[in-house]
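Enquirer: Input: one structure, supplied below.
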Amino acid sequence: MSQTPTMSYYSPSSRNPHTSGSDSSQSNTLVPTTSEVARECPRFRILLVGKSGAGKSSLINSVFKASLALVEDHRAGRATIEREITSPYNDHFVVHDSESYEPGDAGKFEIVKNFIVERCNRRNFAERIHAVWLCITTPFASSRIFETGDEEICKLKRLGVPVIIVFTKYDLMIASTRWDLLKGGTISSGDVLVKRTHESAKRKFDSMCTPHLKQLARTVSAKIPYVCVSSRYTETLQKLVKMTLKNIEIPTPRQRGNTLRQLSDTLTRQNSAAPDDDCTIPPTQDYGDPRLLTLARAQRVDVEPKIAATISIGKKKYWNGLASGIHFSNQNIWTCLQVIHTDIVNVWNIRGLNQVLLSEFFLKAIAEVVDDLSKEHDQSRRSGRSRENQTLAYLLSQAAGTAVAAGPAAVLVAPMAAAAAVAAWIYGIFRSGPTIIRCFMGYIVDLTIIMQRVFKISVEDENGIIDTQRIKDIVEDFNKSQEKKNIHADIRAFVHDLRNPLSKDLVIQRIETLIYTNSDLPM
């Protein structure tokens, strides 16, 4: 019987599946999709436009958990807007700040406009601006909201870059509305007060801002995506992420060959002049555009794009081989498991934990969770004894015994012993087609659900930090849960009834269904 995983999460000799591999030719053919995307678009590039004090630093830190300080420079000019602002705590995004740009300042506005236009013409995809967040403090009075410069910035969305109007510090409007309701004396506290406060704040915002948004949409002849955000309300940050993803235009092959002007004309015809606060993204969102995947990976507030990106990556490559055996052979199956593991972990981008989550100890822990799927229920006593010697729990215990017998120095090679045990386990299940389908389906589903739970806890922390003990607890709790038993029973029944071993679409659909039906959505 498989044992509950016990994990030592980090060892200096733990290899990283992203970089390791004994066969260089295998490394050339089995490359994580996230690594391929990172070569084309390593960072999601955002231009922040707005007044000083609009809450831009707080916005970036809340979305990306980056501990970043945007230092205002009142000598703002071409040199400062060109400066790339990055964070050592999240290297999947880069910010350009317009800094002390004030709407109505023609000279400084031209710097911003020229920067956007020039960046949209860059040959290197990674150097282009991928989104513009126009930050405006949520107003409290029905005064003019948008200046001429803001209107011109919104017109630049015709260049194919999403321009999102971000009304910051929305919590101040909520607090003001709450105070008004309390003064009225009709509601004292509780869920009713929270619900009424948010409803009243939305009505107040609509009455003050919707007319201005409609006028702006008519002026620029385009849809104007907007969102109200506050670092205190995670759901508003999630809406900003979804809004940005939704408004990234994916050019067709023909559009990729067109000039920038032709693309601009096409986008103008597609858009209607109206404000737009709909951030709904279909579950089937295709993350083929590297900007989409990079943003989904970089952001640390919204679980839905993480799950969608995980599934999208899997569909494009290695999941297709689960039923047919494509990509899977005795020579590279271990590498393939590492690649699948690496892609899933990379998408979730948990702060400071990639070395832990990509270690072979963690891979071993997930494989132990899946181990029961490597066993047949109808084995005879004799074949069962033979099969027992190939379960992961048995192989790991043998590897651990070898390490202990070798003395203290063997601690340094323990990760290699674990790797050898997992590799032997994979080799054993490979000889049985249904078994390998079950095990890989279970590995993908279980790891994705576990990563979602790790991510959910990290979102609750201001800096996105979670300690390794919590990860260990999450894995152990899931391994003992009825949920895991139900998932594995579903997989076992599905594979048993799978009549056509080449039915890759059915396998992928069942993986996707299991992930979504066992996900804690909404967060």
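Enquirer: Do we have any residue at all in region 306-320 that's buried (at least 16 other Cβ atoms within 10 Å of the Cβ), part of a loop (DSSP other than H, G, I, E, B), at pLDDT below 90 and β-branched (Val, Ile, Thr)?
Expert: Within region 306-320 (the criterion being buried (at least 16 other Cβ atoms within 10 Å of the Cβ), part of a loop (DSSP other than H, G, I, E, B), at pLDDT below 90 and β-branched (Val, Ile, Thr)), the answer is no, since none of the residues qualifies.
Enquirer: Could we say that residue 190 is within 30 Å of residue 115 (Cβ to Cβ), among the small types (Gly, Ala, Ser) and in the same structural domain as residue 291 (by TED's automatic domain parsing) here?
Expert: No: the conditions fail for residue 190.
Enquirer: Okay, moving on. Every residue in region 47-56 that is over 15 Å from residue 240 (Cβ atoms) and either of a type outside the set (D, E, K, R) or not assigned by TED's automatic domain parsing to the domain that holds residue 95 (or both), please.
Expert: 52, 53
Enquirer: Take residue 340 and tell me if it is assigned to a loop (DSSP other than H, G, I, E, B), modelled with pLDDT under 90 and closer than 25 Å to residue 38 by Cα.
Expert: Considered against the rule, which asks whether it is assigned to a loop (DSSP other than H, G, I, E, B), modelled with pLDDT under 90 and closer than 25 Å to residue 38 by Cα, residue 340 comes out as no.
Enquirer: Could you please find all residues in region 202-245 being of a type in the set (Phe, Trp, Tyr) and part of a helix (DSSP H, G or I)?
Expert: If the condition is that a residue be of a type in the set (Phe, Trp, Tyr) and part of a helix (DSSP H, G or I), then 205 is the only one that fits.
Let's see how each residue does on (1) of a type in the set (A, V, I, L, M, F, W, C); (2) assigned to a loop (DSSP other than H, G, I, E, B):
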| site | (1), (2) |
| --- | --- |
| 129 | yes, yes |
| 144 | no, yes |
| 149 | no, no |
| 153 | yes, no |
| 157 | no, no |
| 174 | yes, no |
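Enquirer: Looking at 490, 505, 446, 467, which one is surrounded by fewer than 17 Cβ atoms within 10 Å (Cβ to Cβ), more than 16 Å from the chain's Cα centre (by Cα) and more than 30 Å from residue 57 (Cα to Cα)?
Expert: 505
Enquirer: Sort out which residues of region 142-170 are surrounded by fewer than 19 Cβ atoms within 10 Å (Cβ to Cβ) and over 23 Å from residue 245 (Cβ atoms), and write them in order of number.
Expert: Correct list: 142, 143, 144, 147, 148, 151, 152.
Enquirer: Condition check: surrounded by fewer than 22 Cβ atoms within 10 Å (Cβ to Cβ), in contact with a Ser or Thr (Cβ under 9 Å, 6 or more places away or on another chain), part of a strand (DSSP E or B) and at pLDDT 90 or above. Does residue 94 satisfy that?
Expert: yes
Enquirer: Let me ask another. If you take the residues of region 354-363 that are surrounded by fewer than 23 Cβ atoms within 10 Å (Cβ to Cβ) and modelled with pLDDT under 90, which of them is nearest to residue 299 (Cα to Cα)?
Expert: Taking the candidates together, the pick is 354.
Here's the yes/no breakdown for (1) of a type in the set (Ser, Thr, Tyr); (2) at pLDDT 90 or above; (3) under 29 Å from residue 63 (Cβ atoms); (4) surrounded by 17 or more Cβ atoms within 10 Å (Cβ to Cβ):
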position	(1), (2), (3), (4)
184	no, no, no, no
220	no, no, yes, yes
225	no, yes, yes, yes
229	no, yes, yes, yes
235	no, yes, yes, no
244	yes, yes, yes, yes
254	no, no, no, no
273	no, no, yes, no
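Enquirer: Yes or no: region 410-431 includes at least one residue that is surrounded by 15 or more Cβ atoms within 10 Å (Cβ to Cβ), modelled with pLDDT of 95 or more and farther than 16 Å from residue 373 by Cβ.
Expert: No: zero hits.
The values are calculated or read from the model by the stated rules, or taken from the named source; none is laboratory data. Source: prediction; values computed, not measured. Quick reminder, even Gly has a Cβ in these numbers, built from the backbone with ideal geometry, and neighbours come from all protein chains shown.
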